[in-house]
Amino acid sequence: LSGGEGVLKVAAYEGATFVISAIVGFAGLAPTLAAIRAGKDVGLANKEALVTAGEIVMAEAVRCGVRILPVDSEHSAIFQCLNGASNGDFKGDIILTASGGPFLGRSARELEGVTAEMAISHPNWQMGRKISVDSATLMNKGLEVIEAHHLFGLPPERIRVLVHPQSIVHSMVEFPDGSVIAQLALPDMKGPIAYALSWPERLPGAVPPPDLARLQNLSFAEPDTGAFPCLLYAYQALREGGSAPAVLNAANEAAVGAFLAGEIGFNDIPAIIKQTMGCCERRDLADEKSVIQADSDARKSASVLIDQIRLDRRRRIF
């Protein structure tokens, strides 16, 4: 099997009871839905499925009677904290932690000369090129905010982000009585993957525990949305709803692809996202086809902006 149709068949494979959805980007939406509609429980590592079509995906999971278990380290952490501490409707906040990426502390001006190789050099995690760039722009955390909204049913004002450079605290849950429960582990995806595969049990020895006595500090800070505005755009898209998150994601995928190809600069990524969101009309998403249409329209708009930047660069050179 190969290609898009092959992936759909694999996702719905009759002999499987559990499917890990780990395809990067919007391409993961269709196979995730195929797995759900085939009655498979899904371990979700593909955040874009919920970012672009969260209401559709979650409604299908309810209709088909399947569970969606988070595999992203942050959402797995929230899931673990809630499993261990909540006996009913959760009325507190969740706090997603962000490493800050390789450019933590830099100003927007200092980011102007950033190259693709610099952006994919994450200090803590071994990730693919696209996700590494998303981490560097803070868009990865923005996508995770939208994903958390759908997974845990919380409004945007109850989903907060803190920069935690050590990547030991993977996320936290804040309860109404002022208590905060956090999940700590080494930055290793084997942990969240093992928990999703073994839930509600735990696989022994999935990762070694952190040596707390050797840790010098665990620090937290508010994100710098002046230098890294992608996080703000994600909150904006979540509040607008409808097609806005799909537009945000499509513009980001197009811009990151152009950046990795050397066609645009690092600071052009948020600029393209902002302009694409501004020129694409917000629409309600009734079904999967409307999501695909919103994605396609946004990519076309982003491509026009990328072409303009590419042309301006050529003019400056010559």
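Restricting attention to the stretch 111-139 and to residues that are part of a helix (DSSP H, G or I) and free of Cβ contacts under 8 Å to residues at least 60 places away in the same chain, the residue that is surrounded by the most Cβ atoms within 10 Å (Cβ to Cβ) turns out to be 135.
Scanning the stretch 183-196 for residues that are closer than 11 Å to residue 77 by Cβ and buried (at least 19 other Cβ atoms within 10 Å of the Cβ) turns up 183, 185, 191, 192, 195. Scanning the stretch 137-179 for residues being under 25 Å from residue 105 (Cβ atoms) and of a type outside the set (Asp, Glu) gives a total of 22. Screening residue 251 on (1) open to solvent by less than 10 Å² (accessible area, probe 1.4 Å); (2) in contact (Cβ under 8 Å) with a residue 60 or more places away in the chain shows it passes everything except condition (2). All of 311, 305 fail the test of being open to solvent by less than 50 Å² (accessible area, probe 1.4 Å) and hydrophobic (A, V, I, L, M, F, W, C), apart from 305. Within the stretch 7-42, the residues that satisfy the criterion of being open to solvent by less than 30 Å² (accessible area, probe 1.4 Å), within 17 Å of residue 249 (Cβ to Cβ) and in contact with a Gly (Cβ under 9 Å, 6 or more places away or on another chain) are 21, 31. For the stretch 73-110, the set of residues classified as under 13 Å from residue 141 (Cβ atoms) and open to solvent by 50 Å² or more (accessible area, probe 1.4 Å) consists of 104 only.
Count, please, the residues in the stretch 44-82 that happen to be over 17 Å from residue 146 (Cα atoms) and either touching an Asp or Glu at 6+ places or on another chain (Cβ under 8 Å) or not basic (Lys, Arg) (or both). Of the residues in that region, 10 qualify. Listed by first and then second residue, the pairs linking a residue in the stretch 285-305 that is farther than 13 Å from residue 253 by Cβ to a residue that is acidic (Asp, Glu) and open to solvent by 70 Å² or more (accessible area, probe 1.4 Å), with Cβ atoms under 8 Å apart and 6 or more places separating them unless they lie on different chains, are 285/55; 290/284. Taken over the stretch 7-59, the criterion of being within 13 Å of the chain's Cα centre (by Cα) and either among the basic types (Lys, Arg) or in a loop (DSSP other than H, G, I, E, B) (or both) is satisfied by 22, 23, 24, 25, 45, 46, 47.
The values are calculated or read from the model by the stated rules, or taken from the named source; none is laboratory data. Quick caveat: nothing in here was measured; it's all calculated off a predicted structure. Cβ coordinates were reconstructed from backbone atoms using ideal geometry, including for glycine residues, and neighbour counts include every protein chain displayed. Remember, those area values only see protein heavy atoms, side chains included, never the ligands or the DNA or RNA. Shrake-Rupley method; radii C 1.70, N 1.55, O 1.52, S 1.80 Å.
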